[in-house]
Structures are given as structure tokens and as C-alpha cells.
Amino acid sequence: MTIEMDGTKEHWEDVWSRKKSDQVSWYQDYPKTSIEMILSTNPSKDARIIDVGSGDSSLVGELLDLGFKNITVLDISAKALEKAKERLGKRAEMVKWVECDIRRFDAGDRYDIWHDRALLHFLTSEEDLKNYVELARKHVTEGGFLILAAFSTNGPMMCSGLDAKQFSEESMKELFSDGFDHIKSFEEKHTTPFGADQIFIWAVLRKK
């Protein structure tokens, strides 16, 4: 889950060139909570789903296995997207791929579900956070859902050599209060491939 931090796109391309997908801290063999949260919104198989900052996550493949037909994957790293496409093989043709810094994302598409696991906490400035909310408000359909996971106040303050922002249930509610109703939040422990524990906070919100 990578995002360009002003001039560091090359850094992330280098990371994805050197590391296998199971060698990055956010790796999950199976994205259990992501799947559970997406299914909790009771989506149709035609629901338009975007996974922002996906990297080479296995989520897209699991969504295809479940029969979802309208999936968009966004990441800043071309190399990460290449890895995901190679892993999916022929099924990659069923997915829309977007190489983009989320802060510069502007598509004509609208989404019923916006999923973000481990991108939001890299947005440490108030300007970038405000822009993210505006992007979500613009691109999520009325009644659609935001499903977010970021470092909690018990989580790391840095990740992959970058500063990371920490969130609480209250700060999530406040950040998205203009345009979204908060449904639920909870903390979850993620164990990295290196054995370190990271505490994430999940939030599910609905577009007003």
C-alpha cells in the first residue's frame, strides 16, 4: 500500500523491485477483515469496488473468486501493479488498473465501496487529509461505503521509512464528518512477516 510522498515514487518502485510481496510489512496471506467488512455492506456482485493503495494485495483475487465484476485497483507503483497482474494471469483483464498518486486521483467513475487498508496513515498533512476526504466524497456513490484501516493511536508512528499518522475512532469520525455517517470502528492487531505487531483501527462509514 504505497503512496508518493513528493518525489519518492522512485523509492516505492525500488521497494517493489527488490522485495517480494510477502516481504513488506503490510502483507497478508488472506485479507480476512477486508473481505468481512466488504461483505458486511451486503453488496451485489455488480457493486463498483475500488481498492486504493492496493500494492500487490491478494484482495483483488479474492474479490474475483467471490464473483465481483467491477473492481478497480489503484496504486502509485507500476511495479506493484505488474506483480498483481502477473499473479492474476488471465483474470487481470477483468480488473481496471490505475497507476496514480491518490492525491492526484480524479476519475469520472463512481464507486459503491471504497476500500483503503494502510494508505491513509501516510497522509500526514492537514491539506492531504482534507483532499482525501473530498476525493472520497466525490467518488463514492450516495449510500456507498468507505472501508478504512490505518494505524491506531496504539500503532506505529513510522512505516517503510516514512512518518505515519495515527487515528482514533473519534478522529476518524471527525475527519469524515462532512459527508459520511460513521457506522463502526474497531482495533485489530496485524503481525508483520517479521513478527512485529502493528495495531490498526478499522472504520466503516456510509456516504450521506
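Using a Gaussian network model of the chain in which every pair of alpha carbons under 10 angstrom is joined by a spring, one finds that among TYR30, TYR132, TYR111 the greatest mean-square fluctuation is at TYR30. Kirkwood radius, the range 52-158, all distinct C-alpha pairs, inverse of mean reciprocal distance: 14.7 Å.
Which shape class, rounded, prolate or oblate, goes with the range 44-102 when its Cα gyration tensor gives a ≥ b ≥ c as root eigenvalues, a/c under 1.5 marks rounded, and past that a/b bigger than b/c marks prolate? Don't skip to the end; give the middle numbers.
Details: a/c = 2.10, a/b = 1.36, b/c = 1.54.
Taking the square roots of the gyration eigenvalues as a ≥ b ≥ c, the range 44-102 is oblate.
By the gyration tensor of its Cα atoms, with a ≥ b ≥ c the square roots of the eigenvalues, what is the shape of the range 89-208: rounded for a/c under 1.5, prolate for a/b over b/c, or oblate? Judged from the Cα gyration tensor, the range 89-208 comes out oblate (a/c at least 1.5, b/c at or above a/b). With the convex hull of its Cα atoms as the shape, the chain has an orientation-averaged projected area of 10.3 nm².
Only bridges whose two residues both fall in the range 24-174 count here: according to DSSP, what percent of them are antiparallel, nearest 5?
Details: 2 of 22 bridges.
Close to 10 percent.
What the Cβ-Cβ distance of THR124 and LYS90 gives, at R0 = 45 Å and to the nearest 0.05, is a FRET efficiency of 0.70. Annotation: extensible slack from ASN154 through GLU10 equals 48.8 nm (criterion: 0.36 nm per residue apart, minus Cα-Cα distance). Spatially, the range 22-96 and the range 131-208 are offset by 18 Å when compared through their Cα centroids. Counting only residues at least eight positions apart within a chain, or on another chain, the lysines with an alpha carbon under 28 Å from that of LYS69 are LYS20, LYS32, LYS45, LYS79, LYS83, LYS85, LYS90, LYS96, LYS138, LYS184, LYS207, LYS208.
Nearest 500 deg cm²/dmol is fine: what mean residue ellipticity at 222 nm does the chain get from its DSSP H runs of n ≥ 4 alone, each adding -39,500 (n - 2.57), divided by its residue count? Helix contribution divided over all residues of the chain: -8000 deg cm²/dmol.
Quick note: the coordinates plus some simple rules give every number you see, no bench work behind them. Note that the structure is a prediction, hence the values are computed from the model and not measured. No Cβ is skipped: glycine too gets one built from the backbone with ideal geometry, and neighbour counts run over all protein chains shown.
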